[in-house]
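Working notes for the structure below.
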Amino acid sequence: PLNDTTRYELGGRIDYPFDFGWTVGGEYRYTDQDEDISPYTRNSFDIYTQSARYWNTTVRLGLHRETVDNEKSPEDVDLFRYRVDITSLLPGGLVLAYNADFGEDDGGTLPRKERRHSLRLDWSYRQVRFQLRASKADISQGDNDRDDKRVTAEIRRVF
């Protein structure tokens, strides 16, 4: 074999509902990949809380923590990220969704920061689907910065 690989993965997830429709949950995942070229060990943990639907709107707040030890490389991962998701059902069958994602990774030789925002509008009428998406991402790693802005529209007919 070119790259003999053995992977062990273990994980668990829990969701706990509270009063008034709120939910708190979390997930843990451990991965140990033993291979010839790039062996690594990963630990990742997510925790979140989500509101019930008030005025046809839900809010989800989350934290993500991930560490990856790449055994044959100094470029590891030590990532901390937090996220906000807001989804609202509007009159006329419209769905409006906003997402903000902020993360920092200082596990490698150059620290990396990401700031992402996205807005999506969905609408359906019978077999026709319309989606409008706008996103903005600001990413910096070391002395390099990248800005990405996109707006896309899609009309789809389902047969």
Quick one: count up the residues across the stretch 53-71 that are out of contact with any helix residue (DSSP H, G or I) (no Cβ under 8 Å at 6 or more places or on another chain) and farther than 16 Å from T31 by Cβ.
10
Residue by residue through the stretch 36-74, note down the ones that are open to solvent by less than 80 Å² (accessible area, probe 1.4 Å), more than 29 Å from Y98 (Cβ to Cβ) and assigned to a loop (DSSP other than H, G, I, E, B).
S38, P39, S73
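Yes/no matrix, rows are residues, columns are (1) closer than 20 Å to T67 by Cα; (2) of a type in the set (D, E, K, R); (3) surrounded by 13 or more Cβ atoms within 10 Å (Cβ to Cβ):
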residue	(1), (2), (3)
N3	no, no, no
R7	yes, yes, no
L10	yes, no, no
D15	no, yes, no
F18	no, no, no
G21	no, no, no
E27	yes, yes, yes
Y30	yes, no, yes
D34	yes, yes, yes
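The values are calculated or read from the model by the stated rules, or taken from the named source; none is laboratory data. This is a predicted model, so every value here is computed, not measured. Reconstructed Cβ throughout: ideal geometry from the backbone, glycine too, with neighbour counts over all protein chains shown. We work out accessible area using only protein heavy atoms, side chains counted, and drop any ligands, DNA or RNA first. Shrake-Rupley method; radii C 1.70, N 1.55, O 1.52, S 1.80 Å.
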